[in-house]
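Since the structure comes first, as structure tokens, the remarks are kept for the end.
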Amino acid sequence: MNVLFWAIAVIAFVVAEIATVQLVSIWFAAGAFITMITCYFKDLSTMEQLGLFIISSVLFLIVSLPFIKRRKQQVKVATNAELDVGKHATVIEAIDADKGTGRVTLNGVNWSAVPENENEIIPEGTVVIVKKVLGAKLIVAPES
């Protein structure tokens, strides 16, 4: 194997990494690059080149693992829908699942609403608690 082979390998691994964007082959690209540079300056046997490639790829993987773990442990930011769960809203149109009616106001915004208990009718003016957000509808229950 020679420098040209490792240069092609670097390009192939980089292209594969760009195509996947999953950190799948970046370590192999780095290992191939180190092997290519070493082959340029030293005459290594095929087995020495493969060994250097494997060892350098594994070392790059080991060195980068803490960064990958730290990146995956980032704090999840709640969406607006998740932030509304548990808040209090006021019924502005009686909520009746059988009639398909029901509107509440939450933080100054009018929402379509359905009762958590399908058989329940919640009259206008009642304060309810948001149990779940389903798209543009709030699942609500009367405040106890």
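The values are calculated or read from the model by the stated rules, or taken from the named source; none is laboratory data. Small disclaimer: the values here were computed from a predicted structure and weren't measured. No Cβ is skipped: glycine too gets one built from the backbone with ideal geometry, and neighbour counts run over all protein chains shown. Areas reflect the complete protein model, heavy atoms only, side chains present, ligands, DNA and RNA absent. Shrake-Rupley method; radii C 1.70, N 1.55, O 1.52, S 1.80 Å.
Key figures
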| read-out | value |
| --- | --- |
| Test result for residue 109, among the β-branched types (Val, Ile, Thr), within 30 Å of the chain's Cα centre (by Cα), at negative phi and at pLDDT below 90 | yes |
| Every residue from the range 121-144 that is at pLDDT below 90, assigned to a loop (DSSP other than H, G, I, E, B) and open to solvent by less than 90 Å² (accessible area, probe 1.4 Å) | 135, 136 |
| Conditions (1) closer than 18 Å to residue 83 by Cα; (2) in contact (Cβ under 8 Å) with a residue 24 or more places away in the chain: number failed by residue 96 | (1) |
| Members of the range 88-100 found to be at pLDDT 90 or above, out of contact with any Pro (no Cβ under 9 Å at 6 or more places or on another chain) and open to solvent by 20 Å² or more (accessible area, probe 1.4 Å), listed by number | 88, 90, 92, 93 |
| Residue check, residue 46 over 30 Å from residue 127 (Cβ atoms), among the β-branched types (Val, Ile, Thr) and touching a residue at least 40 places away in the same chain (Cβ under 8 Å) | yes |
| Residue selected from the range 105-120 under the condition small (Gly, Ala, Ser) and in a strand (DSSP E or B), by the criterion least open to solvent (accessible area, probe 1.4 Å) | 113 |
| Filtered residue count, the range 84-104, keeping only those that are farther than 14 Å from residue 130 by Cα and either part of a strand (DSSP E or B) or among the small types (Gly, Ala, Ser) (or both) | 7 |
| Answer from 25, 45, 57 - the residue that is more than 30 Å from residue 132 (Cβ to Cβ), in contact with a Gly (Cβ under 9 Å, 6 or more places away or on another chain) and either open to solvent by less than 70 Å² (accessible area, probe 1.4 Å) or not β-branched (Val, Ile, Thr) (or both) | 57 |
